[in-house]
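Heads up, the thing below is written out as structure tokens.
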């Protein structure tokens, strides 16, 4: 029961935070909110649909927006359109409840602009809990094609599209175009989405809000798309196969896993689908192809590929650019009008020609005033209309409610980790029992006691921050006198405000937790230093206790950071919406802006003429003219196209005055709290988070690493921010510009980001752990990875301008120089006339043989530190204590293993390489290398060896044995002739082979074919199995017989079953000899008998 209450509190608190924030910024009172709900229910009409015919009838009524405006459509059954005529819904302004049902069998080819099941969804329209399956394509214009909705001004939530969507421009799996009032929430795209421009898994173009969506579809990722594009004369295939004609390929622009292009909000979204095709397309991103709005708390694990500006999260980041507030333009134009009037008064007695010129100026100034007022009125009207959008309130409430429980869970986990750490410290004291020894050393005792007190105090502060009573106070506000939770609408304004204040306190407490955790880490470092010499003489358990304590602390810090980042993501999301919402104006606004520009330009031309005609007039008039000119310049700065002017702005003092507060206050042009684990591969400008941070000109091949040398204006610095992002992916460029976070950075800031994957340029340079080439600012970032390129290779940046407070621990490989642990080169150290001016300061690296900047260390700028001291530095990510090797074969992940710093890599055990028919895998030789940071080890497949012969053989030169299977080059076979034989071989000729194979696989389960040299004609073959001889069935293979060997050892006996003819001759000869011997014996006996008888006769005669 307590757990249930806790979960309920979490949910209610989440709603409280959302509503309190919303009611704090939007003027909507409680009574109006309730009345709106009741009024809507009274006016609505419900329509039920259960058949295809009923859906077709419904769609046919939606040719006018007013028909559906107050209707609720309930889908009560699955609909299968296979073989049926498909009718799209032209425009929908009501509520469509799919109720989890599926509309399938769609095979639709649209003929005009905007093709989708629902072509237009108006601002009041809602599509909820609907599944759509099928194929949506378009002919003719091939523009604005969506899986469920074409152009969305309303809300799409809890919907799934599974199938294919294809067209040319503005293509999306859920909606083709998400307008500024549009909301897409908790939607999934599965299948394949393809288009030439503005193509996304969820939407092609996003001006509105996308939250909690996931794309599993492939986006422009197959050869069929490449072939179809080639048919449209894009000549993509020739570019892939080697053509260097860059102008030939301009397709596949702005492609993203969630959105092709976005200047709205994308929050808490996930992409697992593959995005893009190798060597094809520009602005390709795992989340957004190109973006200038907000991308927050998003993750990509899909493979991202393309030609240029390709990133794991965003392909290209642009600064958020908007016309300065209309009220400022109104005021400036009014002032201009007054200045012109004053000048006319002062020139009343002047020449007519000058007076006429000024009359023309006054006329255009009047026009400018009118247009400026129109612009201001349009902004006011637009803002007022948006204030009443109750759907925004609902969407914000749902987003925060979904996000807060994870934040609270992270806080709880952090507290549990902290308690576990305390237990480990207590166990340490019991295990080593060395307090008396430490007390005997006054210096050690002082350090030890101070550290323990610091740890105890910090633990207490940490737990107090978690258990500060805020939740109990919130709980008390939310419950009535009977202990039951009240409806949030029943709370008073003061109670809502108090709930908000308590939740903001939790945010502050989270920061206190982080500081306390840092103090604990410092205290543990001191304890470790003091205890170490005693521990070495004590029991082994002490080391385990310290390791456990440190590990629990690191987990606590990690969980605390997750919670803080989650809260920051929520506040970033909520704070950003008004800015995004109120800068999307009608087409009339852009028209009026151009008219104002034209009027001011005409005034400027007249002022030039006046400058030539008025030189003879008084100082008063000249002062008037100067004031008018100054005001014209001010207005120009308000409305000039900033895209054209940003490269020419002054960069003096660019980096000195950018504070954390200014960066955090910026609510547009941000990628925040995003993670990439997918592989990213392209030719130019490739990054783990963003391919580039720049603005393209007409030629998409411009703005590339290695080309530009102009820094941006400071007015754009904080309008383009990558903050607190992480890359664990494998980032590869064919040419210049590759980084763990960004490939190329012409403007903006990278702050608080980490790179733990791998960075490589195969044929180019400008490779960096954080950024390949940075002409702007990198601060507070960490690199723990391997970086490889031809030149300009650096642990933080291959080439950098401003780098501050960064840490690197990297493997570096460069072919032709300009390599450094912090940067291969920086602006200040490359140009002797350029001064550093504190642009590069407070950067540190673990000395692994390659030094600071271009191989040289500078104290206070790019300074070496030991690994142990790095770990003691506050704020260093815990990943630096868990060094890992990632094993890959042919871009396939095989596994990851942790190794301690300094481990001899020649002793490590490699994981098994996945089998591939006809090939075997080989790992590289790591002899002579030690573990000095995160490393990616790439194995390779080699064509298998199909047979191995024994090194021993007969005098004829033939090997005694062969084995046949798939082997690597290390496989060996040994064969010896031994005397063992079965009983059946006794008195017969035989030969017995002892066969031993080395470095072979799968010998036990599948067995291997073995061929044995056969010296006989008629034979029997026996195998010795567990001490018992078994007769085998074999195949005749010429001079050999073939059987099977199981395992790596076997004993085989070949017995000759055919007698030699000589044996008969020998047997016959032997018999003759025996007969002759018998006859001789008989003859001798006979003669002896005769002789004896003769003697007897003679004796008788004598007697």
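What follows draws every value from the coordinates through simple rules; no lab data is involved. Here the structure is a predicted model, which means the values were calculated and not measured. All Cβ positions, glycine included, derive from the backbone under ideal geometry; neighbour counts span all protein chains shown.
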_Relative contact order of region 44-208, defined on C-alpha pairs under 8 angstrom at six or more residues apart (%)_ = 16
*Ordering of 114-125, 50-61, 683-694, 303-314 by packing [mean C-beta count within 10 Å, highest first]*: 683-694, 303-314, 114-125, 50-61
*Give the shape of region 710-802 as rounded, prolate or oblate, defined through the alpha-carbon gyration tensor: a ≥ b ≥ c are the square roots of its eigenvalues, a/c under 1.5 means rounded, and otherwise the shape is prolate if a/b is larger than b/c and oblate if not.*
oblate
*How many percent of DSSP beta bridges within region 884-942 run antiparallel, rounded to 5?*
70
*Counting only C-alpha contacts under 8 Å and six or more residues apart, can you give the relative contact order of region 250-291 as a whole percent?*
59
*What is region 884-942's relative contact order, in percent, from Cα pairs under 8 angstrom and six or more apart in sequence?*
45
*Based on other C-beta atoms within 10 Å, arrange 292, 262 from fewest to most.*
292, 262
*Taking a ≥ b ≥ c as the square roots of the eigenvalues of the Cα gyration tensor of region 740-852, is the shape rounded (a/c under 1.5), prolate (a/b larger than b/c) or oblate?*
rounded
